[in-house]
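Following: one structure in C-alpha cells, then a few remarks.
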Amino acid sequence: MTDTIILAVETSCDETAVAVVKNGTEVLAEVVASQISTHQKFGGVVPEVASRKHLELINISIEEALEQANLTFSEITHFAVTYGPGLVGALLVGVATAKAMAFAAQKPLIGVHHIEGHVYANFLTHNDIEFPVVCLIVSGGHTTLVEITDYGKYQFLGQTRDDAAGEAFDKVARALGLGYPGGPKIEECAREGSNTAIKLPRSWLEDGSYDFSFSGLKSAVLNYLNKQEMKKEAININDVAASFQEAVIEVLSEKTLRAAKEAQVKTILLAGGVAANKALREDLSDRCSKLGIRLVYPPIKYCTDNAAMIGCAAHYKALRGEFAELNLNAVPNLKFGVS
Amino acid sequence: MIILSIDSATPVAGVAIVDNNKILAENFLNTGNTHSEKLLPLIKQTLEGVKLELKSIDGIAVSIGPGSFTGLRIGLATAKALSQVAGIKLVAIPTLDALAQNLAGIAQLICPILNARKGEVYTALYQSNSVELIRQSEYTALSPSALCDELRDLGKPVTFLGDGVFEYKEIIASLLGSQAHWASLHQLLPRAASLAVLGLKELEQGKGENIFTLKPFYLRKSEAEIKWEAGRCQR
Ligand SMILES: [Zn+2]
C-alpha cells in the first residue's frame, strides 16, 4: 500500500478540528479552533451556537492545515470525518464539508466513530502496542470500557448508564461555582484538598458488571453542599473536589483493572478528555505497575477532542478498505463496540 | 457561464445547472429534511446527468437564508467546501429572493412566506418591474396575522407562495379575503433554477463571496443567545 495522507475533520462537540496525518502516525498539520470562550457565558456547550461556530471556522481551519502541511488538496489521499456520536448539528457541518471535499477532490471518504478516534489517539503516538488490550475511554460524553483484539475489532465490556465521568466533573464544578469546563478546574482544586475529607458513595453496580454510574455520586455531592448550606457551615471546595475526584477514579481504575485481569491482557489504554486527568493516570499507573501491566495513554493534547486521532483511525480503516458513501449521515447516538 | 445552484433552506432539496440562458438540469426533492443524506448525491447525479465535471462549473449559487438552521448549514457547508477544493466562485442568494423569483413578471405584489416555526413566517414583499424583482420590505419573521395587517393597509392584491401557504392559507384567506392570491402548485416551493437565475446575475456582475467569512443569513438568534441577552437586561 502506498502512503496515506489523510485530511481529517472533527466537529462533534465544541472544537472545530482539522488535521493532516500521514500513514497513521505522522501528524503533518493540526488545527484546533476551540469554542470554549464562546460557550463560557452560557455555562456549557449550546448545540445551536456550536453548530453556527463550526460553520464559521471550518473552511479557514482546513486552509490553515493545508498550509501547515505544505500540501494542496490534490495531494490528499483520503478525507475522513467524525460522523457520530455527538451533537447532531455540529456533526453535520463536518460531515457535509468532508463529503463535499471528497467529491470535489475525487478521493475516498472515511467515516470515523468519535470514540474509536479517541482509542486511536494511542496508536497515533505509540507504534509498539500489542493486542489484545483493554481500553478505558472517559470524557465529557462517554465512559466506555472495551477489549480490543486487533485493529477495528472490539469486544464491548461496559459503559455508563447515566452521566459520563466528564459530565459528572462538569456538573460538580458548576455546583462548586468553578465554571466550565469543569474537569481541569476540579483537578486543580483537588490537588489542594483531602480526598478522604468527605465520605462519598462508590457505585459498583451488579457483581461482575463493567457498567458505570455517576449520577448517584453527583447527587451525593449536591446533597452534601445543600446540607452544609442549611447548617450554615463552611464548604471546603478543595476537599469536595478531591473527595469527588477520588470516588470517580477509584471506580474507573478498579473496573479497568478487573477487566484487564479477566481478559488476561498485558496492556491497558486510556483515552478521552478525562484521560488528561493526572490523578487518574497516577492511580492507574500505580495499580498497573503492581500487576506488571503496561499502561499507555496519549499526550494531553490528543486526549481532548482533536482531528489527528480521527486521521489515525481513518488510516486503519483505509487499510481495511472501509470507505463511506456520499450519503453518509451524522449519527448523534452512534453505538460503539456493540455488534 | 455555467452555474450550479444548491438549495436546502427548506424541506426541499434543489440542485440546478444553468448555462446562461439555458436550464441544463434541475432536480427537486420534496421528501423532507434528510438533506445530509440526499444533497451531495443529488449534486453528483445532476452533474452526471449533463455529463459535466465540477471543474467545468464557473460558479456556485447557494440559498443563504432565512430558513431551517440545519438545512442552511448543510447547504452552505457543502457549497463552501466544493468552492474551496475546486476553486470555484461562490455567490449567496437570499432564500426569499430566490423563492419570489418563481413568480417574476406577474403584476401583483409577491409575498413569499416560509414556515419559521413559533407561529411565524419568514417573509419579505416583492414587486416586479419590466426587468427584475424589487424587494419592497425588510426580511423579517412575524405572525401571519401581523403580516396580513400590514398587507391590508397596502390595499393591493398580493400573491403568496412558499411552504407557509400550506400551514397558513386559511388564516390569510380569512383575514385578506379577495386581496390574497396563491401561486400555482408548481411555483409554490423553492426552485433551484430560480436560484440559479439570480446567481448568474451576481456572477456576471463579478460578485463572489469570501468563503472564510460567509455565514448563513439566519435572521434569528439562537434560543440560548436570546435567553442570555434577556437575562442580562434584567440584571
Ligand atoms: Zn470526545
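The values are calculated or read from the model by the stated rules, or taken from the named source; none is laboratory data. Here the structure is a predicted model, which means the values were calculated and not measured. Note: ideal-geometry Cβ built from the backbone for every residue, glycine included; neighbour counts use all protein chains shown. Note: areas computed on protein heavy atoms with side chains; ligands, DNA, RNA excluded. Shrake-Rupley method; radii C 1.70, N 1.55, O 1.52, S 1.80 Å.
Assorted remarks:
- Filter result (assigned to a strand (DSSP E or B), within 14 Å of chain A (Cβ to nearest Cβ) and open to solvent by less than 30 Å² (accessible area, probe 1.4 Å)) within segment B:8-59: B:ALA13, B:VAL15
- Strands (runs of 3 or more DSSP E) (entirely within segment A:87-154) containing at least 1 residues that are within 12 Å of the ligand (Cβ to nearest atom), open to solvent by less than 30 Å² (accessible area, probe 1.4 Å) and closer than 18 Å to A:ILE6 by Cβ: A:109-113
- Test set (1) open to solvent by less than 50 Å² (accessible area, probe 1.4 Å); (2) outside the structural domain of A:GLY208 (by TED's automatic domain parsing); (3) of a type in the set (Asp, Glu) - A:ASP163 fails condition number: (2)
- Filter result (under 13 Å from the mean Cα position of the chain (by Cα) and buried (at least 16 other Cβ atoms within 10 Å of the Cβ)) within segment A:297-335: A:TYR297, A:PRO298, A:TYR302, A:CYS303, A:THR304, A:ASP305, A:ASN306, A:ALA307, A:ALA308, A:MET309, A:ILE310
- Of all residues assigned to segment A:286-295, none qualifies as being within 16 Å of the ligand (Cβ to nearest atom), open to solvent by 30 Å² or more (accessible area, probe 1.4 Å) and not assigned by TED's automatic domain parsing to the domain that holds A:PHE169.
- With respect to the stated conditions, A:ILE186 fails to be crowded, with 18+ Cβ neighbours inside 10 Å, out of contact with any strand residue (DSSP E or B) (no Cβ under 6 Å at 6 or more places or on another chain) and over 30 Å from A:SER37 (Cα atoms).
- Where A:ALA164 falls short, out of the listed (1) touching a helix residue (DSSP H, G or I) at 6+ places or on another chain (Cβ under 7 Å); (2) within 12 Å of the ligand (Cβ to nearest atom): (1)
- Hey, B:ALA100 closer than 27 Å to B:ILE3 by Cα, of a type in the set (A, V, I, L, M), assigned to a helix (DSSP H, G or I) and touching a residue at least 60 places away in the same chain (Cβ under 8 Å) or not: yes
- One residue from A:LEU91, A:LEU124, A:LEU109, A:LEU71 being at pLDDT 95 or above, under 23 Å from A:ALA271 (Cα atoms) and within 14 Å of another protein chain (Cβ to nearest Cβ): A:LEU91
- The number of residues in segment A:42-66 that are modelled with pLDDT under 95 and at the interface with chain B (Cβ under 7 Å from one of its Cβ atoms) comes to 4.
Here is a yes/no grid of residues against (1) more than 21 Å from the chain's Cα centre (by Cα); (2) in contact (Cβ under 8 Å) with a residue 60 or more places away in the chain:
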position: A:LEU200; (1), (2): yes, no
position: A:GLU206; (1), (2): yes, no
position: A:SER209; (1), (2): yes, no
position: A:PHE214; (1), (2): no, yes
position: A:VAL240; (1), (2): yes, yes
position: A:GLU262; (1), (2): yes, no
position: A:GLU282; (1), (2): no, no
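- Failed condition for A:VAL274, given (1) in contact with a strand residue (DSSP E or B) (Cβ under 6 Å, 6 or more places away or on another chain); (2) over 20 Å from A:LEU178 (Cβ atoms): (2)
- Residue match in segment A:237-259 (condition: away from the ligand (no atom under 16 Å from the Cβ) and more than 21 Å from A:PHE214 (Cα to Cα)): no
- Looking only at segment A:296-339, and only at residues there that are within 14 Å of chain B (Cβ to nearest Cβ) and in contact with a Ser or Thr (Cβ under 7 Å, 6 or more places away or on another chain), the one that is nearest to the ligand (Cβ to nearest atom): A:ALA330
- Filtered by the rule that a residue be under 16 Å from A:GLU130 (Cα atoms), among the small types (Gly, Ala, Ser) and surrounded by fewer than 22 Cβ atoms within 10 Å (Cβ to Cβ), segment A:252-285 gives a lone residue, A:ALA263.
- Check on B:VAL165, out of contact with any Pro (no Cβ under 8 Å at 6 or more places or on another chain) and not in a helix (DSSP H, G or I): no
- Identity of the residue in segment A:67-86, out of contact with any Asp or Glu (no Cβ under 9 Å at 6 or more places or on another chain) and part of a helix (DSSP H, G or I), that ends up farthest from the ligand (Cβ to nearest atom): A:SER74
- Checklist (1) at positive phi; (2) modelled with pLDDT under 95 applied to B:GLY177, failing item: (2)
- In segment A:314-338, the residues that are on the phi > 0 side of the Ramachandran plot form Cβ pairs under 6 Å with partners that are surrounded by 19 or more Cβ atoms within 10 Å (Cβ to Cβ) and not polar (S, T, N, Q), at six or more places apart or across chains, as follows: A:GLY337/A:VAL146; A:GLY337/A:TYR154.
- Taking the criterion of being touching a residue at least 40 places away in the same chain (Cβ under 8 Å) and open to solvent by less than 70 Å² (accessible area, probe 1.4 Å), the residues of segment B:126-158 that qualify are B:TYR139, B:THR140, B:ALA141, B:LEU151, B:PRO157, B:VAL158.
- The sole residue among A:VAL265, A:VAL248 that is over 19 Å from A:ALA164 (Cβ atoms), more than 14 Å from every other protein chain (Cβ to nearest Cβ) and of a type in the set (Val, Ile, Thr) is A:VAL265.
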